[in-house]
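The values are calculated or read from the model by the stated rules, or taken from the named source; none is laboratory data. Everything numeric in this text was worked out from a predicted model, so none of it was measured. Don't worry about glycine lacking a Cβ; one is built from the backbone with ideal geometry, like all the others, and counts go over all protein chains shown.
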Amino acid sequence: MDQAEQLRNLIKQQNRQQHLARVITVTSGKGGVGKSNISLNLAISFSRLRKKVVILDADFGLANIEVMLGIRPRYSLADVIFRGRSVSEIITKGPGNIGFVSGGSGIHELTELNGDQIRLLVNVMYQLDSIADIVIIDTGAGISGNVMEMILSSSEILLVATPEPASITDAYVLLKTLKNQEDYNEDILKIRLLGNRAQSRAEGKELYDKLNSVVGRFLGMKMDYMGAVPYDSYLQKAVMKQRPVCLAYPDSPSAKALQDLAVILNSQSNRMIAASGGGLSGIFTKILHSRSR
């Protein structure tokens, strides 16, 4: 019996009513477009809507969330599985009543789990699902194997891009790579584009129109437009202070835009949870399945 089958069987054996967190995977075609800033401030914006939010920092090796906050977590997801730490120990308390979890050195550590470790992983995923209303996964940038696996295992993607030509090109390359993956299913994966650092609403919409036109023509893929976060000097000031802009400058243009985004996404929550692959436990089941083939 392979890992994925063991994991699926253990999930089926759960006899309690399951609360599944909504999982939003935030990604980008290139680094430096503000993806982790979006993840962090979106989490705080959801928290203001009285949602319990946990960020899974899956940008392995870079740990952007903890750098942005100036907080170094003591433990990671790997510490639960390999070193006996509890779920409560790996959730680091962040500002704005959010929590975040470091993914450790990478999901490649999860490829050779024994039966007891798989049970621990199941327990971790269920506990995180039950603790949070929303889990935001902050992936690495680009088209690495880890990033592709995380995207393919998700059902709701927020793709961040800026109006710069390089960002648009790299976003297209990510979508093309995704389209060519064997496990890609357009009926399951919801892709939403969020513009960042736009000089105006018109520039944000132009970014979407350009990318959506090319993606539709050459890849046959569909994207929704979630608006744009404006270029904002206050956001840069907040970064220097290692504070989220939504807390440091709540009335700034970028903070207001992200709060509006959270309100829009929150209005779609019931539909998205119903269509999801089963919270974090569903995502990691898919990842293990893809690696066991």
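Scan segment 209-231 for residues that are outside any helix (DSSP H, G or I) and of a type in the set (D, E, K, R) and report the count.
2
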- Message: Please go through (1) at pLDDT 95 or above; (2) surrounded by fewer than 19 Cβ atoms within 10 Å (Cβ to Cβ); (3) part of a helix (DSSP H, G or I) for Asp251 and return the number of the only condition it doesn't satisfy.
- Response: (3)
- Do we have any residue at all in segment 40-60 that's at pLDDT below 85 and either of a type outside the set (Asp, Glu) or assigned to a helix (DSSP H, G or I) (or both)? yes
- Message: Given the criteria in contact with a Gly (Cβ under 6 Å, 6 or more places away or on another chain) and surrounded by 13 or more Cβ atoms within 10 Å (Cβ to Cβ), does Gly227 qualify?
- Response: no
- Query: Hey, does segment 187-197 have a residue that's more than 16 Å from Val26 (Cα to Cα) and not basic (Lys, Arg)?
  - Reply: yes
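From the list Ile191, Ile264, Ile168, pick out the single residue that is among the hydrophobic types (A, V, I, L, M, F, W, C), in contact with a strand residue (DSSP E or B) (Cβ under 9 Å, 6 or more places away or on another chain), assigned to a helix (DSSP H, G or I) and closer than 25 Å to Met148 by Cα.
After ruling out the rest, the residue left standing is Ile168.
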- For segment 203-231, pairs from a residue that is free of Cβ contacts under 8 Å to residues at least 60 places away in the same chain to a residue that is of a type in the set (Val, Ile, Thr) and assigned to a loop (DSSP other than H, G, I, E, B), with Cβ under 8 Å and 6 or more apart or across chains, are Leu207/Thr162
- Determine whether segment 81-103 contains at least one residue that is surrounded by fewer than 23 Cβ atoms within 10 Å (Cβ to Cβ), assigned to a helix (DSSP H, G or I), at pLDDT below 85 and of a type in the set (Asp, Glu). no
- Message: For segment 169-198, give me each residue that is surrounded by fewer than 18 Cβ atoms within 10 Å (Cβ to Cβ) and of a type in the set (Phe, Trp, Tyr).
- Response: Tyr184
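Which one of Gly140, Gly145 is at pLDDT below 85 and surrounded by fewer than 16 Cβ atoms within 10 Å (Cβ to Cβ)?
Numbers: Gly140 fails: surrounded by fewer than 16 Cβ atoms within 10 Å (Cβ to Cβ).
Answer to the selection: Gly145.
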- Note on the structure: Of the residues in segment 134-177, those that are of a type in the set (S, T, N, Q) and touching a Lys or Arg at 6+ places or on another chain (Cβ under 9 Å) come to Thr139, Ser153, Ser154, Ser155, Thr162, Ser167, Thr169
- Taking the stated definitions as given, is Ala141 of a type in the set (A, V, I, L, M, F, W, C) and farther than 27 Å from Ser267 by Cα? yes
